[in-house]
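First comes the structure, then the notes that go with it.
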Amino acid sequence: MGTVRPACVALAVMLLGAPTAALAQANCRNTGAFEPWLAAVKKEALANGISQSALAAAAPYMVLDQRIINIDRGQKFFAQNFLEMSNKMLVGRVAGGIAQVKKHAALFAREEKEFGVPASVITAFWALESDFGAGQGKDQAIKSLTTLAYDCRRPDMFRGHLFDALRLIDRGDLRADEMIGSWAGELGQTQMMPSEYMGHAIDYDGDGRRDLIKSAADVVGSSGKYLLELGWKRGEPWLQEIRVPANLPWKEADLSVQHPRSKWAAWGVTFANGKPLPNDNGPTSVVLPVGRFGPAFLAYDNFQAYLKWNQSLNYSLVAGHLATRIDGAPALSKGSGEIPKITFEEQREVQQLLATRGYDVGRIDGVLGLKSRTAIRDMQIKFALPADGWPTPELLARLRAGR
């Protein structure tokens, strides 16, 4: 969960979330010795009010694991486009989500009354993050957090997570030996980083502990509360698949642009089944995850909560679409034509060429996040190409030619 978290275990143990990548220093080297660093961290933890008993419980796991660093520096999962990711991640999870909604109907009814988040929305995250608890990870969180706090890429972020993991021990929520999760230190069935766990988890089954590893009630209640805190608006939609006309003003199709549904309707946008959009003033954005020839979505204000949960646009779209499928929406359309493609290395080259023109594309890694997509869209406008934010061979050729 959250804006600075690596992505979920169920997406694969080898993932690196987009927001984490944006904060990373790509080629840094660790130069200081580990043991003096660890001694200083323990001293700082005590100075910050963490108990000696929590440190003692965690001490066997506060070791350096080079394997974790290697995993963290070798991620390419988010280089997949939306269709590639959704084809993998939706398999079996629609039916599984429907079953979980039925199984926990009373629990979800309580949560929705209290926090206003539909069962399908929480269930979709629950499915993607851990397959309803079946895939929470196999790594000792304290070991992972210690390693990543020592590593030079994002030491401050993981130092904070390490301290909050120790606070979870102090608070009595979890024991050090049961903190088994993802390679990056995420914990529980919705894969919260320790600082999110510490700040947002709730005891929803009344047993006195906030247990997101074993308690379905705590998972559902904490997820609903967290999404509400991320800005979820009760009773409002989040994402709907649509059909776009061939002559849509493509530069308008971006998350940074909002128009009333009546405006999109006037431009010929319909629901995916061809039915007209309501002629109202609700602010919405059109999202084209793989450009104008692929599937299209209408994103509402509630979709921002998805991007705060995980800033990867593709992950957020998969999660939002999965929720609609659990609610009964039809299978995803593949779009209106063949989607132009470039290779992973060419995507990296596009980022590099955009950076040389002064654009902030985030980390130049071949992963096309929101910053890269915005820059691509701007260059398409300048080149008088269809500005759908999707990199094409034609755009790459124009960038190479410098015109």
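The values are calculated or read from the model by the stated rules, or taken from the named source; none is laboratory data. The model shown is predicted, which means the values in this text are computed figures rather than measured ones. Note that we place each Cβ from the backbone using ideal geometry, even for glycine, and neighbour counts take in every protein chain shown. Only protein heavy atoms, including side chains, enter the accessible area calculation; ligands, DNA and RNA are left aside. Shrake-Rupley method; radii C 1.70, N 1.55, O 1.52, S 1.80 Å.
Before moving on, here are some points about what is shown:
- Semi-axes of the equivalent ellipsoid for the stretch 93-231, Cα gyration tensor, largest first, Å: 26, 15, 13
- Built from the Cα atoms of the stretch 254-355, the convex hull projects on average onto 7.9 nm², one quarter of its surface area.
- To put it simply, the accessible area of the chain at a 1.4 Å probe is 53 percent carbon and sulfur.
- As a calculated quantity, the FRET efficiency between residue 88 and residue 47 at R0 = 51 Å, using C-beta atoms, amounts to about 0.65.
- Length-normalised contact order for the chain - Cα pairs under 8 Å, 6+ apart - percent: 18
- Residue among 368, 83, 385 with the largest mean-square fluctuation in a Gaussian network model of the chain, springs linking Cα atoms under 10 Å: 385
- Computed [θ] at 222 nm, helices only, for the chain once each DSSP H run of length n ≥ 4 contributes -39500 (n - 2.57): -13500 deg cm²/dmol
- Here's the list of lysines a cross-link from residue 263 could span, going by alpha-carbon distance under 30 Å and ignoring same-chain residues fewer than 8 apart: 233, 251, 275, 308, 334, 371, 382.
- Percent of Cα pairs in the chain per distance bin of 10 Å, from zero to the largest separation: 5, 22, 29, 24, 14, 5, 0.
- Taking a ≥ b ≥ c as the square roots of the eigenvalues of the Cα gyration tensor, an a/c ratio of 1.5 or more together with a/b no larger than b/c marks the stretch 44-163 as oblate.
- Cα long-axis angle, helix 119-130 against the chain (0 to 90 degrees, to the nearest 10): 60
- Taking the stretch 265-368 and dividing mean pair separation by its residue count, relative contact order in percent (alpha carbons under 8 Å, at least six apart): 20
- On Cα atoms only, tilt of 141-150 relative to the major axis of the chain in degrees: 80
- Each residue of the stretch 38-44 was assigned a 3J(HN,Hα) from its phi angle through the Karplus curve 6.51 cos²θ - 1.76 cosθ + 1.60 (θ = phi - 60°); the sequence is 5, 4, 5, 5, 5, 5, 5 Hz, with glycine and proline shown as x.
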